[in-house]
Structures are given as C-alpha cells and as structure tokens.
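*Asks:* Submitted below is the structure of interest, expressed as structure tokens.
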Amino acid sequence: MHDSILAAEPTQKLRFYQKGTFTVGNRLVSEPERSVQASIDRSNALTCGHRACQGCGEALGARFAIDAAMRATGGKLIAVNATGCLEVFTTPYPETSWQVAWLHSLFGNAAAVATGVAAAMRVKGHRQVRTIAQGGDGGTTDIGFGCLSGMFERNDDVLYICYDNEAYMNTGVQRSSATPPAARTATTPAIGAEPGNVFGTGKSVPKIAVAHGIPYVATASVADLHDLERKVIKAMGVHGARYIHIHVPCPLGWGTASHDTIRLARLAIECGLFTLFEAEHGVITGRRKIRQRVPVDEYLRPQKRFAHLFKDAASEQRVASLQALADRNIAELGLLDGEGGP
Ligand SMILES: Cc1ncc(C[n+]2csc(CCOP(=O)(O)OP(=O)(O)O)c2C)c(N)n1
Ligand code: SF4
C-alpha cells in the first residue's frame, strides 16, 4: 500500500470533483491508490468523542495525518502534542480520543520533547518506533519556534506537523505570526485606519524550514486529503528532521460556516494565498499548480474575520494588496499552467 501510493504520486489521474473527501472518489480509483481513510484497516488514531467544533479543519487534518503515519510505521508511532486546540479537545482529563502513544508537552517545547523521545527510542534499541510532534501555528511559528529550529538544525529524527488555522484559537483567537494581513482577531481588531492584522508582518515557517536544508518539507491542506496522506507517508519513509505545514480552516476563529471548511481550504489554494509545495534538502521538488484560479475576494468574503474589507470602497485597496500577495505567491512557485519549475 505504502509503496504503491508513492509510486502513484504525483500524477494520479483523478478529476477535480473527486479531490475533496475522497470517500466517493476512492471507489473510482484502483485499490492501491485509495486513501488510508478508505481502508477498514485504518487505525482511527483520533477516534470519535472528541470535543472539536463542528467542521474543525484541525481535527480532520490530524485524523488523516496520524492515520497515514500509523499506516506507514505499522503502528509503531509516538506522537508529542503541543498545548492548543488539538490537545485540549482530544484529551479532557481523564478522557482521551487518541489511539496512539501520545504525550502532551508544554505549549512551546513539542519539538524538543519529540527529539528526546526519538533519542530515547534510539538508545533503547527501538529504532523502528518513529516520532511525530504536532501543534498549532502559535505553538509552532511563535513560542515553539526556537525548539523547532534546533530540531531542524540537529536533523533530529522527528516529523513535525503544524496545523495552521492562522491564529491562537484555543485561547480566543489571538494573532500569531501565521495570521494573514487584514484578518480581524481578538488582538488585531477591525478598527482604525488600517483595521485587522498589519500588512508586512508575519513569517513563512515552511520557507524557513526549507532554508534549514532538512530532508523533507511540505505544505498540505484539508482541501486535498489524498495529497496530505501521500506527503505524510513520504515523510515517514525518510529519516532526519521533516516538516509538514497543513492549512486547516477554523469555523470559530474565521467566522465561517462549519460546512464550508473544505470549500474555503480549496479557495485558499485556488486564489494563491496558500500554496502547496514540497522540498527536499533545501530544494523545491514539487508544487501543486492552480487548477481554477479565483480572485482573493471569493476566498475572503465568506469569512467574518475579513468582513471589514467589504464594508466600503475605501477598503478596496486592502483587498488589492491581498491580491498582490497571492499574485506574488503564484509567480514565486510558477503555479499557473505553462509555467516552468519542478
Ligand atoms: C507558556 C504558555 N503560554 C500560554 C499558554 C496558553 N495557551 C494555551 S493554548 C494557547 C493557544 C494555542 O494556539 P495555537 O498554537 O495556534 O493552536 P490552536 O489552538 O490554534 O490549534 C495558549 C496561548 C500556555 N499553555 N503556555
Ligand atoms: S476553535 Fe477552531 S481549531 Fe479549535 S476546535 Fe474549534 S474549529 Fe477547531
């Protein structure tokens, strides 16, 4: 299963409409190409009964990611989880929704704790037991960033997964360094001459991970769960430091309908504000081209965090600035048909 998925990438012949959940699409592809979730043998590492909001992209992304990692490692997996929504909604004491060996670290040290777990497994001779660290964008791009960079720089044998919902959701939607410009959060209110998050701030941790030259970096999205599984399986086939950054819409923090999670994740990609790429040892080796380009306002309008951008004509310039950001992303990776690159 594992090898055949790898052999099938990246040119699996599926139509666009099949790319959402893959529950229907799965029946249309050959057995070896079906997703991990399509198998009755899936591990259900994150099982039912957790307390995520309806339509939580993070819960969906984590279930697919960890099940794929369980498949790739034959269940020999330890997951270290930073503080945040994923930790809180899965483990209200004394309950747990995890069916995988799972540790809660502090908010900012998941990468360091995972490094210790991986070293302990090595020293004890359990080399087949693999380690994952996971956390939200606040835990990853802000408070845990030093530990993460250390883990990359030492090339520790850990896959770190960031679930990027673009703010500190668990504590009431505060801005992180992954919050997009203009977005309203509790700490970037929609008031004043430049409402919402400030333009020209923030950072791209996927790009920073690439700059560390680690064996594998990928971005992924709940818009394409098959691609997400493929990237996790690929990452688990490699040793050393690996990083996957998954875009996960958050209905509560974004002010969106729970049934719109996948649609918004897809629009983020199709407008160019979130890009899908892979890199190995510091070199970009793959990117997902845009299939049906849309202007950024199609993605922004359904979200209450951007509602102030559509109240008056004076905000048009700010939407144009976001469009310019998307255009830059698209140009940087050559995401339109006919453009070159890997
Ligand atoms: C050192 C420390 N500071 C602050 C907190 C409070 N805290 C818990 S979860 C959280 C936000 C988590 O945000 P993020 O990492 O983006 O994950 P999300 O909840 O959005 O998935 C904060 C600030 C903490 N637990 N520890
Ligand atoms: S606040 Fe957002 S990330 Fe947290 S459980 Fe709800 S939808 Fe998921």
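*Asks:* What's the total number of residues in region 80-106 that are open to solvent by less than 60 Å² (accessible area, probe 1.4 Å), within 15 Å of ligand 1 (Cβ to nearest atom) and outside any loop (DSSP other than H, G, I, E, B)?
*Replies:* Within region 80-106, residues that are open to solvent by less than 60 Å² (accessible area, probe 1.4 Å), within 15 Å of ligand 1 (Cβ to nearest atom) and outside any loop (DSSP other than H, G, I, E, B) number 7.
*Asks:* Ok, one more. Which of the residues spanning region 235-257 are over 14 Å from residue 219 (Cα atoms) and either within 16 Å of ligand 1 (Cβ to nearest atom) or of a type in the set (Val, Ile, Thr) (or both)?
*Replies:* Here is the first cut: in region 235-257, the residues over 14 Å from residue 219 (Cα atoms) are 236-241, 249-257.
Residues satisfying the conditions are 238, 249, 250, 251, 252, 253, 254, 255, 256.
*Asks:* Still on this structure, please answer the following. In this structure, does residue 128 turn out to be open to solvent by 40 Å² or more (accessible area, probe 1.4 Å), closer than 23 Å to residue 46 by Cβ and not in a helix (DSSP H, G or I)?
*Replies:* On the way: open to solvent by 40 Å² or more (accessible area, probe 1.4 Å): yes; closer than 23 Å to residue 46 by Cβ: yes; not in a helix (DSSP H, G or I): yes.
Against the criterion (open to solvent by 40 Å² or more (accessible area, probe 1.4 Å), closer than 23 Å to residue 46 by Cβ and not in a helix (DSSP H, G or I)), residue 128 qualifies.
*Asks:* Of all residues in region 234-272, count the ones that are open to solvent by 10 Å² or more (accessible area, probe 1.4 Å), within 12 Å of ligand 2 (Cβ to nearest atom) and among the hydrophobic types (A, V, I, L, M, F, W, C).
*Replies:* Qualifying residue count for the region: 3.
*Asks:* Which numbered condition in (1) closer than 24 Å to residue 67 by Cα; (2) touching an Asp or Glu at 6+ places or on another chain (Cβ under 9 Å); (3) within 8 Å of ligand 1 (Cβ to nearest atom) is the only one that residue 162 fails?
*Replies:* (3)
*Asks:* In region 60-78, is there at least one residue being of a type in the set (D, E, K, R), out of contact with any helix residue (DSSP H, G or I) (no Cβ under 7 Å at 6 or more places or on another chain) and either within 16 Å of ligand 2 (Cβ to nearest atom) or at pLDDT 85 or above (or both)? Don't jump to the end; show me each part of the working.
*Replies:* First pass over region 60-78, keeping only residues of a type in the set (D, E, K, R): 63, 67, 71, 76.
Now restrict to residues that are out of contact with any helix residue (DSSP H, G or I) (no Cβ under 7 Å at 6 or more places or on another chain): 63, 76.
Checking which are either within 16 Å of ligand 2 (Cβ to nearest atom) or at pLDDT 85 or above (or both) leaves us with 63, 76.
So far as region 60-78 goes, yes, one or more of its residues are of a type in the set (D, E, K, R), out of contact with any helix residue (DSSP H, G or I) (no Cβ under 7 Å at 6 or more places or on another chain) and either within 16 Å of ligand 2 (Cβ to nearest atom) or at pLDDT 85 or above (or both).
*Asks:* Just give me the residues in region 166-182 being under 20 Å from residue 106 (Cβ atoms), touching a residue at least 60 places away in the same chain (Cβ under 8 Å) and open to solvent by less than 30 Å² (accessible area, probe 1.4 Å), in sequence order.
*Replies:* Passing the criteria: 167, 169.
*Asks:* Identify, by number, the condition in (1) hydrophobic (A, V, I, L, M, F, W, C); (2) more than 16 Å from ligand 1 (Cβ to nearest atom); (3) open to solvent by 10 Å² or more (accessible area, probe 1.4 Å); (4) under 26 Å from residue 35 (Cβ atoms) that residue 211 doesn't meet.
*Replies:* Result: residue 211 fails condition (4) only.
*Asks:* Out of everything in region 275-286 that is open to solvent by 20 Å² or more (accessible area, probe 1.4 Å) and in contact with a strand residue (DSSP E or B) (Cβ under 7 Å, 6 or more places away or on another chain), what residue ends up being farthest from residue 213 (Cα to Cα)? Full working, then the answer.
*Replies:* The initial filter retains those residues of region 275-286 that are open to solvent by 20 Å² or more (accessible area, probe 1.4 Å), namely 275, 280-285.
Pick out the ones that are also in contact with a strand residue (DSSP E or B) (Cβ under 7 Å, 6 or more places away or on another chain) and you get 275, 280, 284-285.
Details: 275: 19, 280: 7, 284: 11, 285: 13 Å.
Among residues in region 275-286 that are open to solvent by 20 Å² or more (accessible area, probe 1.4 Å) and in contact with a strand residue (DSSP E or B) (Cβ under 7 Å, 6 or more places away or on another chain), the one farthest from residue 213 (Cα to Cα) is 275.
*Asks:* Can you say whether residue 311 is open to solvent by 10 Å² or more (accessible area, probe 1.4 Å) and modelled with pLDDT under 95, as far as the supplied structure shows?
*Replies:* yes
*Asks:* Quick check on my filter: what residues within region 131-163 are within 16 Å of ligand 2 (Cβ to nearest atom) and open to solvent by less than 10 Å² (accessible area, probe 1.4 Å)?
*Replies:* Those that are within 16 Å of ligand 2 (Cβ to nearest atom) and open to solvent by less than 10 Å² (accessible area, probe 1.4 Å): 134, 135, 137, 138, 139, 140, 141, 161, 162, 163.
*Asks:* Going by the conditions given, is residue 42 more than 16 Å from ligand 1 (Cβ to nearest atom), buried (at least 18 other Cβ atoms within 10 Å of the Cβ), closer than 24 Å to residue 219 by Cα and modelled with pLDDT under 95?
*Replies:* Working: more than 16 Å from ligand 1 (Cβ to nearest atom): yes; buried (at least 18 other Cβ atoms within 10 Å of the Cβ): no; closer than 24 Å to residue 219 by Cα: yes; modelled with pLDDT under 95: yes.
Here the answer is no, as residue 42 does not meet what is asked.
The values are calculated or read from the model by the stated rules, or taken from the named source; none is laboratory data. All of these numbers come straight from a predicted model, not from anything done at the bench. Quick reminder, even Gly has a Cβ in these numbers, built from the backbone with ideal geometry, and neighbours come from all protein chains shown. Accessible surface areas use protein heavy atoms only, side chains included; no ligands, DNA or RNA. Shrake-Rupley method; radii C 1.70, N 1.55, O 1.52, S 1.80 Å.
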